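Take a look at the structure below.
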Amino acid sequence: MSFLHPGAFAGLASILLLILLSLWRRRPTRFVVPSVRLWERIPDRLPPVRSMRRPRAGISLILQILVAAALVTAMAGPGRVRPRPAPRRIAVVVDLSAPMIPRMDDARRELAKLDAADDIVLIESPSLARHEGVGNPAALKPVERAGDPGPALDLAASEAKQLVFVGDRTPAWSPPPGVKLHLVLVGGPLRNVGIVDANVGSGKLFLRLSAPAEVELKLDGRARRLTGSVAYLVEIPEGTSRIEASLAPDEFPADDRVVLEREGGPVEVEFEGRPDRAIRAAIEANPRARIVRNGNPRLRIRVGAPPGPAAAPVVVEIDPAAGVEEWLEPGNLAVAPHPLTRGVEPEDLRFSQVGRLAGPVEAVLIHGPGGVPVAAVRRPGEIVLAVRYASTGWPDRPSFPIFWANVVEYAGFGAGAWRARGLLDEAASRLGTERRPLDPAALGERPLAPVRTDFTGGSIVLAGLLLALLWGVERRSADAE
Amino acid sequence: MDPLPRRDMVFDGEFLKRLEALRVAVRRVLHGRREGERPGSRRGGSSVFHSYRSYAQGDDFRSIDWSLYARLETLFVRERTRDEAPALHLVLDATPSMSFGAPPKLELARRLGAALGYLVAGEGGEVTLWTGAQSRTFRGDGSVPEFLDALATTAGGGRPAESLARISGRGLVVAASDFWDEDLPKALGATAADHQVTLLHVLAREEFDPPLRGRVRIVDSETGDSATRFIAEEEIARYRTLLEEHILGWRSWAIKHEASYLRVASDEPFEKVCLLYLRGEGVLE
């Protein structure tokens, strides 16, 4: 038995006071007699000493003493202290970066070895998400990117003196003084070849692998296969907007696929030749397009202009002055599938004349009478529309602004920088190979801590019960009188 | 005090037979209002000489004392006393102190009063029941049932001293009380001058042997006065001594005033008290 405030036992002096009061000021028993005459003639006297030594143990006095003792004990804060194993404060850092994707089952098994009775805080790396307790290891999901566990370990060191790091490699981090780091490594040999570098510059794609392997390359959907090297430099066609490089699946798929895309930017447009209000209005209405004059535009729209050098990455020729074999009645027109004709309806195409394009073309956009090409991508970045539409109503049709929006979009693919998705840090692709399972014994014995069971409430309840009993006794005594 | 049930006032046949063999002793000349068998203070037709007086016209010449005339040559008439029935004033103390004891003191006092009243009324006498300033008179043996009823229903009344102050004439005064009233000696002294007084001193057993020990606040049942005392054997012994003195004081008072005195405990058998003690003290004969 222990007491929080042993000094409170000085209050036991009140018991002595109660006894003294009961001796000296005990309320005399009331007794009614026919006459008090004779008693008045008997002198009063103090009780003899021998009766003080042996006070009558009245139930009331006993209850008063018990109440006082219970209250004093309650004030002293009674309790029982027993040494019991105390929970250890442990901070667990789990590396959830991409290299851990194939290691999560092992990591969860290691986490399950931790004693749930310990005071554990779990910190995810690299997100720094913090959880009290191990929680549900199945809910731990790695991210598809590399990450430095240093910040998570710093956070953990501020939480506990014992750290457990669960990862696939030894972190480049040193614990501060007084903090012990337990490494739980779930690395191991894995068959893995990954793309460690991917970039586009000067019209060429640079690919580097962690080991020589075959690469499947897709340039705007057109597939190519690269073989036998650890690095590749591939020429990419003008206008290519999406590149996808992938390796054969292995045990670590996170670094097996990279996608590079051109980010869209503002498209500067310049007009040349005959002014065309309808086209200008359609371009002005496009938020991505910006009309310039005497600049270096991304898109040049030439209307009825004579042939000249293509001073822009993308040039659209309307009613060209050259390159048309003959002009024809429009007749039945057909729209060929192409990004430039997406959303364009044939019935909207109202022309007064269409021209049969001369020479080879890369992709036909509109077929004229007899299937002759009247609009086409002559070569990448050069679009020709041999059509005349004055007073025909085409600009009033929905297909008109849609077509020019497609043109701006087409021109915009080459406007921004390339952005790669799925490319891991090179270090991430080098998977950890070391294995070091968790040894719970290494965490040390759980320290014996004095655990105190407090009895203050019980003492107060006991005092209350005794007080109620005392009240009942006193009331009964008063009724009896 | 609760009234006694009537049956408590009814005596069994054996007791009545023995009781009716007795009568209330009368040691003084009575001055009653009713004719009876006891010598009274008034002149009457009994055989007992009372006094002489000068002859007056119209007197019965048979009452002339001729012997005296021979010596004194003056006519004197011999007068006789009148035999009277006794007049009993039954003073019942019905104050709260009389409710003490087991049985209560008042119960024995009532029954003794009933026996005495029964005897007096039975010989044609007059019984006046006093409780405080209240009184009710019963005459003759025909009033016995009514008297017993009144006695049985006697409720708490005033002090006996108030009764005594209102009693007149000459007769028997029986005061049944515990005699704790400090005014009683004076009131009884005045009464004893003209009356034949009998004191029935009824005490409870607890008054002889009080069950008090330790620190006690003793409260007077009538005045509410209290005295706090530590009581041990020493105090009990002192109390008994004082009680003896108290009883002796009343006995002395009785002797001094030619009164009868009987001290009795409330738990003593009534028949024994009535037929033995009262007779032994000369209250009955």
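Every number in this text was worked out from the coordinates using simple rules, so none of it is lab data. As the structure is a prediction and not an experimental result, all values here were calculated from the model. Quick reminder, even Gly has a Cβ in these numbers, built from the backbone with ideal geometry, and neighbours come from all protein chains shown.
Tilt of helix A:456-480 relative to the longest C-alpha principal axis of chain A, in degrees (0 to 90, nearest 10)? Long axis of A:456-480 versus the principal axis of chain A: about 40 degrees. Based on Cα contacts under 8 Å between residues 6+ apart, chain A shows a relative contact order of 19 percent. With a ≥ b ≥ c the root eigenvalues of the C-alpha gyration tensor of the stretch A:255-351, is it rounded (a/c under 1.5), prolate (a/b larger than b/c) or oblate? Oblate, since a/c reaches 1.5 and b/c is not below a/b. For a straight C-alpha distance cut-off of 24 angstrom, the lysines reachable from residue A:204 (same-chain residues fewer than eight places away being disregarded) are A:218.
FRET efficiency for the residue A:131 to residue A:3 pair, using the beta carbon distance and R₀ = 60 Å, is estimated at 0.95. Taking the C-alpha atoms only, the angle from helix A:59-76 to the longest principal axis of chain A is near 40 degrees.
Rounded to whole Å, the principal axis extents of the Cα atoms in chain B read 83, 39, 31, largest first.
Model label sites at residue A:292 and residue A:148, defined 7 Å from Cα along the beta-carbon direction, differ in position by 3.9 nm. One compactness figure for the stretch A:267-412 is 0.95, namely its Cα radius of gyration divided by 2.2 N^0.38 Å.
With neighbours defined as other Cβ atoms within 10 Å of a residue's Cβ, the residues B:248, A:423 order from fewest to most as B:248, A:423.
Largest mean-square fluctuation among B:61, B:179, B:138, in a Gaussian network model of chain B whose springs join Cα atoms under 10 Å apart, belongs to B:61.
Between residue A:161 and residue A:119, the contour length at 0.36 nm per residue exceeds the Cα-Cα span by 13.9 nm.
Rounded to the nearest 20 Debye, what is the dipole magnitude of the protein assembly as shown about its Cα centre when Lys and Arg each give +1 and Asp and Glu each give -1 at the C-beta? If you can, show how the numbers build up before the last one.
On the way: 100 positive and 99 negative charges, 440 e Å.
For the protein assembly as shown, the charge dipole is close to 2120 debye.
Quick one: helix A:399-412 against the long Cα principal axis of chain A, what's the angle to the nearest 10°, folded into 0 to 90? Computed tilt is about 80 degrees.
Residues whose amide H comes within less than 5 Å of that of residue A:120, counting only those at least five positions distant or on another chain, are A:90, A:133 (H built at 1.01 Å from N in the peptide plane).
I'd like the Kirkwood hydrodynamic radius of the stretch A:354-415, using the inverse of the mean 1/r over distinct C-alpha pairs, in Å. Mind dumping the intermediate values first?
Numbers: mean 1/r = 0.0789 Å⁻¹.
Hydrodynamic radius (Kirkwood, Cα pairs) of the stretch A:354-415 is 12.7 Å.
Near residue B:25, the amide H atoms lying under 5 Å from its own belong to B:284, B:285; only residues 5 or more places off or on other chains count, and H is placed 1.01 Å from N.
Close amide H partners of residue A:194, meaning residues 5 or more places away or on another chain with modelled amide H under 5 Å apart, are A:210, A:211. Apply the membrane-span-like helix rule to chain B: whole DSSP H runs, Cα extent along the own long axis of at least 24 Å, mean Kyte-Doolittle hydropathy at least -0.5. List the helices found. Membrane-span-like by this rule: B:105-122. Selection among A:369, B:49, B:236 by position relative to the dipole of the protein assembly as shown gives B:49 as farthest towards the positive end (Cβ unit charges, Cα centre).
Hey, with R₀ at 25 Å, roughly what FRET efficiency would residue A:248 and residue A:141 work out to, going by the Cβ-Cβ distance, to 0.05?
Values: r = 25 Å, r/R0 = 1.01.
The calculated FRET efficiency here is 0.50.
The alpha carbon centroids of the stretch A:231-258 and the stretch A:144-184 are separated by 34 Å.
Converting phi to 3J(HN,Hα) with the Karplus coefficients 6.51, -1.76 and 1.60 and the offset θ = phi - 60°, the stretch B:201-206 yields 8, 9, 10, 7, 4, 5 Hz in sequence order, with x at every glycine or proline. Spin-label model, residue A:379 to residue A:284: label points 7 Å out along the Cα-to-beta-carbon direction sit 3.5 nm apart. Label 7 Å along Cα→Cβ of residue A:197; the stretch A:212-236 residues with amide nitrogen under 18 Å? Counting backbone N atoms under 18 Å from the label point, the list is A:212-215, A:227-236.
Please report, to one decimal in angstroms, the Kirkwood hydrodynamic radius of the stretch A:332-380 built from all distinct Cα-Cα pairs. Let's see the in-between values first.
Numbers: mean 1/r = 0.0906 Å⁻¹.
11.0 Å is the Kirkwood radius here.
Rg/Rh for the protein assembly as shown (Cα atoms only, Rh after Kirkwood) is 1.65.
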